[in-house]
Structures are given as structure tokens and as C-alpha cells.
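Only the coordinates and a few stated rules stand behind these numbers; no lab work does. Remember, it's a predicted structure, so these values are computed and weren't measured experimentally. Neighbour counts are summed over all protein chains in view; Cβ atoms, including those assigned to glycine, are modelled from backbone coordinates with ideal geometry.
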Amino acid sequence: MSVSAPATLDREQRELLRARLRAIGFDEVHFAQAAPAGGAALRQWLDAHHHADMAWIERSAEKRGDVERVLAEARSVIVLGVNYWSGAAVDSRRRKGGAPAWARYAVHEDYHDTMKPGLIAAGKAVEEIAGLTGADYRCYTDTGPVLERGWAARAGLGFRGKNGMLISKIHGNWLFLATLVTRAVIEPDDPLRKHLHTGADEPAGLLCGKCTRCIDACPTSAILEPGKVDARRCISYQTIENKGVIPRKLRAGIGDRVYGCDICLEVCPWNRFAQEGRKLLLVARHDLAGVSLRDLLELTTEGYVTLFRRTAVKRLKLTGLLRNACVVAGNSGDRSLVPSLVRLVAHASPLVRAHAVWAVQRLAGAEAVDLLATTRAGETNEQVLTEYAEAEPRG
Ligand code: SF4
Ligand code: SF4
């Protein structure tokens with residue numbers, strides 16, 4: 001592809017662009033020089049199968065390591081951050097009784113959708129200020145083949161913590177990231193440590209010091225070493241990406257987390273600086289945080305569609321959410337949930353039935369044998385039968 005001489009933004013134009021992007025609603029706007037980055041660490045993580053069955057990461061590994069594979073003759077990466085800290089309103093320690101825990105980001109309309117108009121406007125601003133066309137840049141929000149956290153670190157937006165997340169000195173752990181890869185030459189911002197300009201992979205935990213709170217707090221020991229999370233053990237992966245059975249050995253560690261997990265983010269001391277964001281590109285759904293576990297266990301398809309319309313949770317499907325709700329119920333110690341769970345033991349989905357059996361066994365102990373006798377006699381699915389056979393009454 002032949003590309004004309006790249007547009008170069010002088011410092012004044014760069015700051016004009018930054019101001020325009022901030023006015024659109026991005027709380028952080030940083031610039032990095034395009035260069036191969038992050039590929040070696042990603043390859044290692046993939047080779048160790050820590051990505052579980054997230055095959056799309058494997059498929060896009062080459063592109064993730066080199067933005068020129070995303071956009072030929074890319075010169076700069078614009079990293080955009082949107083602060084989604086909502087303070088105490090969804091604080092997991094202040095939830096109403098009986099309500100399970102949601103990852104903070106999930107109690108919003110799907111940010112991939114709500115940030116889209118902002119990204120389109122950002123692209124138009126780049127076109128106008130750099131004199132480019134729509135063919136000269138690509139925008140991504142989380143789902144693209146771009147290592148957003150790595151670029152954010154290179155662009156000085158923050159650093160990768162030992163929990164593997166991008167940590168901002170201003171916003172803590174609570175930023176949605178987006179990137180705009182462009183052929184415009186833009187003077188880069190300084191990373192927090194200047195050696196990152198050289199293209200070396202950023203060492204995780206650059207500003208963590210001796211802190212290991214996230215590693216210590218992870219209930220499933222998913223953080224194997226600083227910056228390296230084994231998705232197979234991670235509650236976020238298990239409750240969101242895994243479409244099948246949640247391994248029995250991880251269920252107790254899931255606790256009351258029905259969708260995602262923020263534990264290794266919540267404990268991070270860098271959050272002490274977080275302030276509530278402007279949320280110009282977000283739509284909060286704090287009502288979700290007040291939905292009781294019993295209501296979730298009794299959700300109909302219609303109720304599910306209505307409640308989770310426009311949220312990221314809708315991608316999980318009702319069966320996935322019921323599966324998670326069964327695990328949380330099994331961990332709750334609340335025997336009043338048993339009737340709802342016994343109904344789910346007869347659900348049309350074997351996935352739901354399997355987890356409901358486990359939960360009834362956990363809550364009802366020895367009584368579960370009688371409660372489940374009829375459904376067990378009629379069960380033909382192998383996975384569900386395994387749950388009947390393996391479940392251990394709590395006693
Ligand atoms: S998200 Fe939860 S399970 Fe995953 S690494 Fe963090 S604390 Fe562990
Ligand atoms: S909790 Fe501590 S070790 Fe973990 S990312 Fe935050 S500062 Fe780093």
C-alpha cells in the first residue's frame with residue numbers, strides 16, 4: 001500500500017488534539033510512538049496456556065505485538081482512558097443484604113457501545129487536526145488486536161500493576177481504555193519510567209514497591225507472579241468467558257461474585273486517589289447492584305432480557321448467569337434459597353442443572369438426597385450425573 005508522507009503534529013496541534021479529546025469525554029489522553037511492543041510477554045503467557053480457551057487472543061497475537069500489522073505505516077498510538085470509578089454507590093462492602101457482587105464495570109451499559117460515539121468523534125478530531133482521512137487510523141476499545149495496557153504504560157498513562165491491570169496515579173485501577181492507532185506523527189508523552197521508550201516490555205509492578213496485596217487477596221491464587229494471571233483460575237474468566245462448567249475446586253473461592261471479580265483491583269492502595277469521573281461516555285446501571293440473589297435465581301428469559309438490555313451481562317446469556325447465581329447461592333449459607341435452587345435442578349439447561357445440584361448439596365446437606373431424589377432418577381446428562389455423584393454435603 002502506498003502511503004503519502006505522514007502528517008506531523010507540532011506541539012501546539014498535539015495539545016489542541018488532547019484538549020479536543022478530553023472535551024469529548026476521555027478523562028485521559030496520552031500519546032505513544034508506534035513500535036513493536038509487548039509481544040514476547042504475550043507469547044510466553046499464551047505458550048503456558050494461561051489464556052484458557054480465549055482463542056481470539058491466540059489468533060491475534062502477531063498483531064498485538066506489532067501495531068504495523070494493524071495499520072501499515074502506523075506512527076503513533078493515542079491512548080484514551082475513561083474513569084469509571086463510582087465511589088461508594090456500588091462498593092461491594094456496602095451492598096444491600098442478599099445482593100451478590102458484580103464487577104464495577106458491569107453495572108454500566110456496555111462501555112464498548114457507549115464509548116463508540118466518543119471514538120468516532122475522536123477519529124474526526126484526528127482527521128481535522130492532522131489533515132488525515134478515515135483510512136489513516138483505526139480505533140479499538142478492548143476487543144481489538146491491540147495491547148491496550150502496554151500502550152497505556154508506554155504513553156505515560158500509568159503502569160501495569162502486579163495484578164496485571166493498568167494503574168493510573170490519578171484514577172487508580174478504574175479506567176476503561178481505548179486506542180486510536182494513526183499514521184500521524186505525534187510527539188509521545190513520557191512514560192512513568194523513561195526506559196519504556198526503548199520498546200522493552202514494561203516490567204509489571206513498576207510502582208508497586210513491596211506491596212503484594214493483590215496477589216495475597218486473590219481467592220483462587222490466579223496471580224502466579226507479578227503481572228501474570230492464569231485465566232483458568234481467575235474468577236473473571238470463569239464467570240464471564242467460560243461458557244461451560246466452572247471447575248468444582250474454584251467454586252468456593254468465587255464467594256458472592258456473580259459476574260466478574262474486582263478483588264485484586266479493590267485492594268490496591270493506588271485507588272486512594274480515585275475520584276468519581278465525569279462519565280460523559282458512560283451510562284451507569286447502579287440498579288443492578290441492588291438485585292437480590294433470589295431474584296436472579298428466579299429470572300425468566302423475558303426478565304433477563306429486560307434487566308440486562310444494553311449491558312455487557314447480556315452476552316453471558318441467561319444460562320450463564322443462572323450458573324453463576326447457583327455457585328453464589330451455594331456459597332451463601334442461605335438455606336432459604338433451596339426451593340429456588342431445587343426448581344433450577346429441573347431447568348432445561350444441563351449447565352444450570354449441574355450447578356444447581358452442587359448448590360443444593362452445599363446448602364441442604366444430608367437433606368439434599370431426598371430433595372433431589374426425583375430429579376436424580378430422571379437425569380440422563382452425564383455432567384449433571386457427575387455432580388450428583390461428586391457433590392459432598394457440607395453437613
Ligand atoms: S480478578 Fe479476582 S480471581 Fe482474577 S486475579 Fe483478580 S482477584 Fe484473582
Ligand atoms: S495491590 Fe499492591 S502489588 Fe497489587 S497492583 Fe496494587 S500496588 Fe501493586
Compactness check, the range 207-332: C-alpha Rg relative to the 2.2 N^0.38 Å globular estimate gives 1.16
Whole-Hz Karplus couplings 3J(HN,Hα) for the range 355-371, θ = phi - 60° and coefficients 6.51, -1.76, 1.60, Gly and Pro as x, run 6, 5, 4, 4, 5, 4, 4, 5, 8, 9, x, 4, 5, 4, 4, 5, 4
Among LYS116/LYS314; LYS162/LYS210; LYS243/LYS314; LYS243/LYS279, the pairs whose Cα-Cα distance exceeds 21 Å are LYS243/LYS279
Amide H neighbours of TYR259 at under 5 Å, excluding residues fewer than 5 places away on the same chain, with H built from the backbone geometry, are ALA103
Rounded to the nearest Å, the spacing of the alpha-carbon centers of the range 325-380 and the range 249-278 is 28
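If we count other beta carbons within 10 Å of each Cβ, what is the order of ILE170, ILE240, fewest first? Walk me through the numbers on the way to the answer.
Working: ILE170 15, ILE240 20.
Fewest-to-most ranking of ILE170, ILE240: ILE170, ILE240.
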GNM on the chain, Cα springs under 10 Å; top mean-square fluctuation among ALA135, ALA312, ALA231 goes to ALA135
Amide H contacts under 5 Å for ARG160, restricted to residues at least 5 apart in sequence or on another chain and with H modeled in the peptide plane, are ILE167, GLY205, LEU206
Rg/Rh over Cα atoms for the range 251-313, Kirkwood Rh, comes to 1.02
Rg (one decimal) and Dmax (whole number) from the Cα set of the range 293-388, in Å, equal 13.1, 42
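Given only helices, namely DSSP H runs of n ≥ 4 each adding -39500 (n - 2.57), what is the per-residue ellipticity at 222 nm of the chain, to the nearest 500 deg cm²/dmol? Display every interim value, and only then the final one.
Numbers: 18 runs with 145 residues, N = 395.
For the chain, the value works out to -10000 deg cm²/dmol.
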Scalar couplings 3J(HN,Hα) for the range 110-117 by Karplus 6.51 cos²θ - 1.76 cosθ + 1.60 (θ = phi - 60°), nearest whole Hz, x for Gly and Pro, are 3, 5, 4, 7, 6, 8, 4, x
Residue-ordered couplings for the range 126-135, obtained by feeding phi - 60° into the Karplus form 6.51 cos²θ - 1.76 cosθ + 1.60 and rounding to whole Hz (Gly and Pro as x), are 5, 4, 5, 6, 9, x, 10, 10, x, 7
To the nearest 20 debye, the chain has a Cα-centred charge dipole, built from +1 on Lys and Arg Cβ and -1 on Asp and Glu Cβ, of 560
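More than 31 angstrom separation, counting every C-alpha pair in the chain; what % is that?
Working: 32590 of 77815 pairs.
Cα-Cα pairs in the chain separated by more than 31 Å: 42 percent.
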Per the 1/(1 + (r/R0)^6) rule, R0 = 41 Å and r from the Cβ atoms of ASP66 and ARG309, FRET efficiency to 0.05 is 0.60
